[in-house]
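Each remark here refers to the structure printed beneath this line.
Throughout, read-outs are computed from the coordinates displayed, never taken from laboratory work. This one's a predicted model, so the numbers in the text were calculated from it and none came from an experiment. Counting neighbours? That spans all protein chains shown, and the Cβs are built from the backbone with ideal geometry, glycine included.
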Amino acid sequence: MSLYLDAGTTSLALEQALESLDDLLIVSNDLMVINYLIEHSECKLYHTGGLVLRENRSCVGDSSTHFLRNLNVDISFISSSSWNARWISTPTEAKVAIKKAAVAAANKRILICDSSKYGKVGTFNAVSLEEMDIVITDSNLPESAKSALLQTGVHLVVAE
């Protein structure tokens, strides 16, 4: 099985659950994710390369996007600092293309975002929520948000 793990703190939490699954192929643009898995797994690892964003230790740009456009992955786990029932958005224009490429490369697309980021809006819309298959968030998501998400047709999973 092949997975893409987007840059972000939620992906860092997910990687800990994956470390015992040594038969995975994992692709990420996040240097911290790759560094952790180098030390804690036997998974086959690919990093997208590209322009390094020091503030979150991830890579973006044409090189990263081109790498992802040449891949097929089973599941892309996308994270974001802002999302709502319509869009996954980002404050950084450079992150848009890599999120789009990661979504396009996947057979299944999963948004992993905590509820504190719901309702926040970044300057740039990256991916329509309708392009996602599943949204995984925490139990603090308000009921009004749950209702809005269910109307999009995306499968909502609330983690305890």
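Here is how the numbers come out for the structure above:
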{"item": "Histogram of C-alpha separations across the range 1-75, 10 Å bin width, %", "result": "21, 56, 23, 0"}
{"item": "Rough spin-label spacing in nm, given labels placed 7 Å along Cα→Cβ, for Gln16 and Leu31", "result": "2.2 nm"}
{"item": "Projected-area mean, the range 2-159, by convex hull of Cα positions, square nanometres", "result": "8.3 nm²"}
{"item": "Reachable lysines, given that their alpha-carbon falls under 30 Å from the alpha-carbon of Lys44 and they are not under 8 places away in the same chain", "result": "Lys95, Lys99, Lys100, Lys108"}
{"item": "Antiparallel DSSP beta bridges within the range 2-159, as percent of all bridges there, nearest 5", "result": "30 percent"}
{"item": "With Cα atoms, 0 to 90° folded angle of helix 9-18 axis to the chain main axis", "result": "60 degrees"}
{"item": "Loop-located trypsin sites (Lys or Arg not before Pro) in the range 1-105 whose Cβ has at most 11 other Cβ within 10 Å (DSSP)", "result": "Arg54"}
